[in-house]
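Pasting a structure here, questions to come.
Bear in mind that the values in this text are calculations on the coordinates, not laboratory data. Because the structure is a prediction, the values reported are computed rather than measured. Cβ placement follows ideal geometry from the backbone for every residue including glycine, while neighbour counts extend to all protein chains displayed.
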Amino acid sequence: MVGITLGAVSVRAAPPAEPGDGSYGDGSYRGEEALGGDLDEAPLAPPLVDESEGLWLSVEFIGPRGAQLEAAKQLATAPVETALPRGGRPPPGELVGRVHTLDDALRWVDRHAFGAPLSPTTDDPESEAAEIPGGPLVDDYGLFLTALVVTRTHSEGAPWDDLELSAALGPGGDLGWERADLSTARAPMFAAPSPTLPPAAERYLVVERGDDLWVVGERERCVDRDCAPWVRVITREGDRFHAGWLPAHALVLRSQWIRDPSGGPQFALRPAHREAGHAGFVLIERYEHGDGLPRHRRTGLHGPHLGRGWPAANVTLLDHTLSVRIGGELVLTRELAEPTPLLLALPPTRP
């Protein structure tokens, strides 16, 4: 687990400058020295462009202000155009630039949400390295990435159209984002996976049920053969895209729900924890409340298992009976209130 501690920063003020006209007395000026001795060689400011054109990209950090400016420049990789908006409200955070298509904006988010894998701090040699939000920005600039921001303009239509997002990230796309549903009202999101679930106080961010949620990867963390499966996610809250890690049982891929044709509840089985001798899963039941909003019931299940991997696990609906098997052993049966005449089966669950 990667711990992130944000300590207080004290700043010692320098003695006040002596009054004067800014010159050193030899004809040179302080501003000229700061720019390398020649004002004619000062870097040009980015061009001003119409604020209503394109999609503006910016980034939000926790860390030193000067480092934030430098890091934002590093994120201005092609096809991002370095520019400043003329008029209108400036994007939040540190401005990076603009792109002209939603596809380019999403690729920019995908490129910078996570960095190179971080070596695991466990004693299991088979544990794979894990990516962390912002990746090299932590080591290079001492910054913690909290959001990649894509600001839509009025000329681009509705702020965020679900159909447009689905088309950009749907089947056939090469980003590999898989749409998922949170299985609780809210969940703490962490900066890196660990062999056990950390306390919520160590969270990196919080994801809400109303946020868009995509799975972009997965990892398992083990210590002394105690293992926990995690998923690497990107979430969207308004214009802000967040990156982090969630326990595998905190969400369900939309393709994994078993849907009841009669309109009853939906079910999914998610891995939770395994150790020598047995494996644990969470059965998630999703149903609609009277207000039309989804609710979830969660049931912990265990089954015997030998070996280092995960056992096959599945849930089936046949007529009005729900059945769950782990490692071939029947661990739960339940009679449902409404019959479901078709047989629906979830493929074996393997993190």
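Determine the sum of side-chain charges near THR333: Lys and Arg each +1, Asp and Glu each -1, restricted to other residues whose C-beta is under 13 angstrom from that of THR333. Don't skip to the answer; put the middle values down first.
Values: positive: ARG325, ARG334; negative: ASP319, GLU329, GLU335.
Net of charged neighbours comes to -1.
Still on this structure, please answer the following. Give a residue-ordered list of calculated ³J(HN,Hα) values for segment 282-290 (Karplus: 6.51 cos²θ - 1.76 cosθ + 1.60, θ = phi - 60°; whole Hz; x for Gly, Pro).
10, 8, 10, 10, 10, 9, 8, 8, x
Additional query: In whole Hz, what ³J(HN,Hα) sequence does segment 100-113 give by Karplus (6.51, -1.76, 1.60; θ = phi - 60°), x for Gly and Pro?
Per-residue couplings from phi come out as 9, 10, 4, 4, 5, 5, 5, 5, 5, 4, 4, 5, 10, 5 Hz.
Could you put VAL150, VAL233, VAL109 in order, starting from the residue whose Cβ has the fewest other Cβ atoms within 10 Å?
Least to most surrounded, the residues fall as VAL109, VAL150, VAL233.
Ok, one more. Using θ = phi - 60° and the Karplus form 6.51 cos²θ - 1.76 cosθ + 1.60, what ³J(HN,Hα) does each residue of segment 237-248 get, whole Hz, x for Gly and Pro?
10, x, 7, 9, 9, 10, 10, x, 10, 10, x, 4
Order these by the 10 Å Cβ neighbour count, fewest first: ASP319, ASP212. Walk me through the numbers before you get to the answer.
Numbers: ASP319 11, ASP212 18.
The order, fewest Cβ neighbours first, is ASP319, ASP212.
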